[in-house]
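The values are calculated or read from the model by the stated rules, or taken from the named source; none is laboratory data. Just so you know, these numbers come straight off a predicted model, no measurement behind them. Don't worry about glycine lacking a Cβ; one is built from the backbone with ideal geometry, like all the others, and counts go over all protein chains shown. Protein only, heavy atoms only, side chains kept; ligands, DNA and RNA dropped before computing areas. Shrake-Rupley method; radii C 1.70, N 1.55, O 1.52, S 1.80 Å.
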Amino acid sequence: MGLVVQKYGGSSVADAEGIKRVAKRIVDAKKNGNQVVVVVSAMGDTTDELIDLAEQVSPIPAGREFDMLLTAGERISMALLAMAIKNLGHEAQSFTGSQAGVITDSVHNKARIIDVTPGRIRTALDEGNIAIVAGFQGVSQDKKDITTLGRGGSDTTAVALAAALDAEVCEIYTDVDGVFTADPRVVKKAKKIDWISFEDMLELAASGSKVLLHRCVEYARRYNIPIHVRSSFSGLRGTWVSNEPQGDQKVEHAIISGVAHDVSEAKITVVGVPDKPGEAAAIFRTIANAEVNIDMVVQNVSAAATGLTDISFTLPKAEGRKAIDALERNRATIGFESLRYDDQIAKISLVGAGMKTNPGVTAGFFEALSDAGVNIELISTSEIRISVVTRADDVNEAVRAVHTAFGLDSDSDEAVVYGGTGR
Ligand code: ADP
Ligand code: ASP
Ligand code: MG
């Protein structure tokens with residue numbers, strides 16, 4: 001008998017009908033002779049609504065209580081799903097992250113999983129149950145506090161459980177038919193990818209393709225767990241993400257795997273920084289001490305007359321306030337003139353391992369953006385990715401232009417979005 005882990009995202013369980021539909025799918029997997037572990041997200045936009053509520057009572061909600069609040073979303077959906085399954089005549093038990101043995105560090109709001117001890121899940125399976133686990137949450141090893149894994153973290157819960165239970169596959173059910181060459185909400189002519197390597201998927205995820213969370217792909221690669229991303233609304237086969245293609249998984253020998261975009265970042269410019277050794281170190285140590293992750297960094301050439309330079313960097317919007325406060329507190333010791341904060345930016349990235357060996361990709365990318373009249377503010381590259389920062393208003397047009405320029409458009413409009421609000 002095989003063991004499968006299935007994860008259902010918020011849009012798949014947005015309402016009672018959705019929960020009943022998903023329950024049927026789960027029961028079918030069980031009837032096919034599998035042991036089934038299900039990881040479930042909060043219903044629809046529940047997490048966003050809980051965040052809005054928290055912000056109304058406190059502008060910067062405290063980490064511990066904020067996590068306690070957010071984990072409530074997944075507890076609602078896990079219990080309802082277990083009830084719906086029982087109603088179909090099958091046994092199911094729901095478990096919080098803590099009960100399922102998801103042990104994390106103690107960094108609230110973006111905890112890392114450090115161990116998974118799924119003893120209770122094993123017992124539940126051995127007794128013939130379907131096990132339903134609340135995604136996105138765990139318990140900290142040292143303080144035994146409830147933690148959350150960061151937005152989209154149910155993907156990581158699913159892969160971590162699949163690894164700990166030695167599952168054959170981790171199925172990620174969502175509101176699109178798989179991983180596409182661009183976000184189907186933006187590019188109607190995006191193509192579904194049949195198979196993609198962990199390497200390319202990692203870059204797409206890190207660049208904002210939120211269909212899979214970056215940490216989840218990292219985890220899957222480390223433990224070599226194949227992921228099958230597919231829709232909970234259709235019966236279609238989706239996208240396989242793994243080290244090597246298996247069986248009939250088709251490999252596109254394209255130079256480019258896809259175009260990703262991200263509107264969740266902001267840009268901070270530190271203006272009037274003395275152009276001398278140690279300044280960048282002081283700025284980024286301050287940011288690191290505030291536990292803020294940064295993405296791109298650029299430093300301008302110093303104006304010779306003043307000996308001052310500007311340093312810009314991007315970071316998640318959600319951490320903008322923390323970073324600004326930390327820099328302001330240390331303004332005298334770092335010695336800069338002022339700070340500028342800009343949250344109307346977007347990042348657009350082109351990803352593909354074929355880039356390493358094909359000249360002209362960067363040129364083609366910049367030409368496509370220029371033809372679309374899009375101005376570039378920052379640039380960063382890796383071996384298999386080029387990213388630029390542009391105005392947020394330009395993002396959709398820029399993504400479509402790049403997608404077309406690299407020949408990624410499909411002949412049919414196969415990119416269907418079944419649900420979700422895109423929030
Ligand atoms: P879930 O609630 O199931 O976790 P998410 O909203 O986190 O779903 O992820 C699915 C969404 O990811 C899709 O609705 C789509 O808009 C978006 N997305 C972004 N880039 C891609 C891509 N390259 N392929 C497929 N979906 C993508
Ligand atoms: N409910 C959480 C979120 O919206 C986790 C998840 O859905 O993966 O981010
Ligand atoms: Mg998600």
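Based on the mean of other beta carbon atoms within 10 Å per residue, what is the order of 343-350, 198-205, 5-12, most packed first? Present the calculation step by step, with values, prior to reporting the outcome.
Numbers: 343-350: 21.8, 198-205: 23.5, 5-12: 27.4.
Going from most to least packed, we get 5-12, 198-205, 343-350.
Which value, in debye to the nearest 20, gives the size of the charge dipole of the chain about its Cα centre, when Lys and Arg are +1 and Asp and Glu are -1 at the Cβ? Each step should come with its number before you reach the end.
Working: 44 positive and 57 negative charges, 171 e Å.
Charge dipole, the chain, about its Cα centre: 820 debye, nearest 20.
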If one builds a Gaussian network model of the chain from Cα atoms under 10 Å apart, the most fluctuating residue listed among L149, L212, L88 is L88
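For the chain, what % of the accessible area comes from carbon and sulfur atoms, probe 1.4 Å? Intermediate results must be reported in sequence, preceding the final value.
On the way: 9180 of 18640 Å².
About 49 percent, which is the carbon plus sulfur part of the accessible surface.
Which trypsin sites (Lys or Arg not before Pro) does region 66-164 hold that lie in a coil by DSSP with at most 11 other beta carbons within 10 Å?
Sparse-neighbourhood loop trypsin sites (Lys or Arg not before Pro): K143, K144.
Considering just Cα atoms, how many Å³ per residue does the convex hull of region 358-423 enclose?
Numbers: hull volume 8.6 nm³, N = 66.
Here the figure is 130 Å³ per residue.
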With Cα springs under 10 Å, the Gaussian network model of the chain assigns the largest mean-square fluctuation among G150, G278, G119 to G278
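Calculated from DSSP H runs of 4 or more alone, at -39500 (n - 2.57) each and per residue, what is the 222 nm mean residue ellipticity of the chain, nearest 500? Walk me through the numbers on the way to the answer.
Numbers: 12 runs with 138 residues, N = 423.
Theoretical 222 nm ellipticity from helices: -10000 deg cm²/dmol.
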When the chain is treated as a Gaussian network with springs between alpha carbons less than 10 Å apart, the largest mean-square fluctuation among K322, K189, K276 is found at K276
Beyond 24 Å (Cα-Cα) in this structure, taken from K250/K347; K144/K317; K110/K347; K7/K192; K210/K347; K189/K250, we find K250/K347; K144/K317
The answer for region 256-312, accessible area per residue at 1.4 Å probe in Å², is 45
The Rg/Rh figure for region 106-165, Cα atoms and Kirkwood Rh, to two decimals is 0.99
With bins of 5 Å, the percent of all Cα-Cα pairs of region 230-354 per bin from 0 is 2, 9, 16, 16, 12, 10, 9, 8, 7, 6, 4, 2, 0, 0
Sparse-neighbourhood loop hits (GluC sites (Glu not before Pro), region 318-392; DSSP loop; Cβ within 10 Å at most 14 others) -> E337, E383
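As a test of the definition: which semi-axes, in Å, follow for region 275-323 when you take the square root of five times each eigenvalue of its alpha carbon gyration tensor? Largest first, please.
Values: eigenvalues 107, 28, 12 Å².
Taking √(5λ) for each eigenvalue gives 23, 12, 8 Å, largest first.
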Given all pairs of distinct Cα atoms, the chain yields a Kirkwood Rh in Å of 22.7
Dimensionless Rg/Rh of region 36-148, both radii on Cα and Rh by Kirkwood, sits at 1.01
Contact order relative to length for region 77-122, counting C-alpha pairs under 8 Å separated by 6 or more residues, stands in percent at 28
The alpha-carbon pair-distance distribution computed for region 317-404, with 10 angstrom bins and whole-percent values, is 15, 37, 25, 18, 5
Inter-part gap, Cα centre of region 121-136 to Cα centre of region 69-92, in whole angstrom, is 12
